[in-house]
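Encoded as structure tokens, the structure appears first; notes follow it.
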Amino acid sequence: MKKFGKVLLGVSMATAACGGLLAQEMSAPAMSGPPKVLQIYREYLKPGKAGMIHDKSESGFVQAMTRAKWPTHYVALNSLSGKSRALYLTGYDSFADWQKDSDAVAKNAALSAELDRLAQSDGDLLTEVDSYVFSYQPDLSYHVTGDLAHVKYMEVTSFHLHPGHQKDWSDLVKLVMAGHEKAGTSANWATYELEYGGGDEYVIFSIDKGMADIDNGFADDKKFRDAMGDDGMKKVEDLVAACIESSDSELFAINPKQSYAPEDWVKENPDFWKPKPTMEAKPAAVDKTKPMAGMKPSGQ
């Protein structure tokens, strides 16, 4: 079992949806690993407004930030499951750093005006927007990497807890971590706690370089269960029942066209983060000595 969320969803049978997401090294270059503070802006799209239409709209924001040489970066995720939506993840080393960034944008009149204009235009494509703020929980995270340069997908699993059961939740996560360690699986996840935008909610983020990683995660399931044994799995099930009220797992693709990625990611994987524009095919040369299709030759 590669992903922590699949284990819990498999034994909990919970189906209620909650929102959320992860980013790593998205802010200042000095930040190493997952950001301590994660701000997520979520946009729900009107039918038929995703894809290239939304890419074009969002590229305006990327261009504005690029022209301003803004130091704070963000990553865009597009949903591959659930409702059509896009999430924009911005990481900070602290809440104070978030305020400094916001204050700097406000003081830059030209950038603020451009962002306001772009937001108004982009709003025509949307049905709803919301925002969440999370804090990183390193003690509940497992084999986290700070490199997103070669990552293309994220699996996001949210858990809404019964009030007062944070201790059971912590015990549950650490029990699952021990099982993965014993089994030697390929699992990885970063755990975030929702601070603003809701309550008693945790979100698990796992990264995939390709969808083959998802296949490997399912293949790891037997390793994990064998390592836990019947008694261990019973403990997992009991803790799930005690602390989890609802859960939801979704798959997202990183969209480089909507992301304002750090320059080192672009240099490391330019084919993904800055692909060459597609060249339009040149029209075939027309032989003017021959009549055009559907037209009669002159003189007839």
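Can you find a residue that is touching an Asp or Glu at 6+ places or on another chain (Cβ under 8 Å) and either within 27 Å of Phe61 (Cβ to Cβ) or among the hydrophobic types (A, V, I, L, M, F, W, C) (or both) anywhere in the range 230-240? Among the residues of the range 230-240, at least one is touching an Asp or Glu at 6+ places or on another chain (Cβ under 8 Å) and either within 27 Å of Phe61 (Cβ to Cβ) or among the hydrophobic types (A, V, I, L, M, F, W, C) (or both), which makes the answer yes. Evaluated against (1) free of Cβ contacts under 8 Å to residues at least 60 places away in the same chain; (2) on the phi > 0 side of the Ramachandran plot, Lys83 falls short on exactly one condition, (2).
Residues considered: Lys209, Lys234. Of these, the only one that is in contact (Cβ under 8 Å) with a residue 40 or more places away in the chain, of a type outside the set (Gly, Ala, Ser) and more than 17 Å from Thr157 (Cβ to Cβ) is Lys209. Looking only at residues of the range 128-151 that are closer than 29 Å to Lys182 by Cβ and of a type in the set (D, E, K, R), we find that the one that is modelled with the lowest pLDDT is Asp147. Of all the listed residues (Met154, Met228), the sole one being assigned to a helix (DSSP H, G or I) and either crowded, with 18+ Cβ neighbours inside 10 Å or in contact (Cβ under 8 Å) with a residue 12 or more places away in the chain (or both) is Met228. Looking across the range 101-115, not a single residue is under 23 Å from Asp264 (Cα atoms) and exposed (fewer than 14 other Cβ atoms within 10 Å of the Cβ).
Leu89 falls short of the stated requirement of being modelled with pLDDT of 95 or more, under 25 Å from Lys36 (Cα atoms) and in contact with a helix residue (DSSP H, G or I) (Cβ under 6 Å, 6 or more places away or on another chain). Considering the conditions (1) in a strand (DSSP E or B); (2) surrounded by fewer than 18 Cβ atoms within 10 Å (Cβ to Cβ), Phe205 is excluded by exactly one of them, (2). Can you tell me which residue within the range 119-150, out of those that are in contact with a Lys or Arg (Cβ under 9 Å, 6 or more places away or on another chain) and of a type in the set (Val, Ile, Thr), is nearest to Tyr41 (Cα to Cα)? Among those that are in contact with a Lys or Arg (Cβ under 9 Å, 6 or more places away or on another chain) and of a type in the set (Val, Ile, Thr), it is Val129.
Annotation note: of Ala187, Ala178, the sole residue that is surrounded by fewer than 20 Cβ atoms within 10 Å (Cβ to Cβ), on the phi < 0 side of the Ramachandran plot and either of a type in the set (A, V, I, L, M, F, W, C) or in contact with a helix residue (DSSP H, G or I) (Cβ under 6 Å, 6 or more places away or on another chain) (or both) is Ala178.
Scan the range 73-98 residue by residue and report those that are surrounded by 20 or more Cβ atoms within 10 Å (Cβ to Cβ) and part of a loop (DSSP other than H, G, I, E, B). Selection gives His73 alone. Ser121 - would you say it is in contact with a helix residue (DSSP H, G or I) (Cβ under 8 Å, 6 or more places away or on another chain), more than 24 Å from Phe205 (Cβ to Cβ), among the hydroxyl-bearing types (Ser, Thr, Tyr) and surrounded by fewer than 16 Cβ atoms within 10 Å (Cβ to Cβ)? So Ser121 fits the description; yes.
The values are calculated or read from the model by the stated rules, or taken from the named source; none is laboratory data. Remember, predicted model here, so these are calculated numbers, not experimental data. All Cβ positions, even for glycine, are placed from backbone atoms using ideal geometry, and neighbour counts span all protein chains on display.
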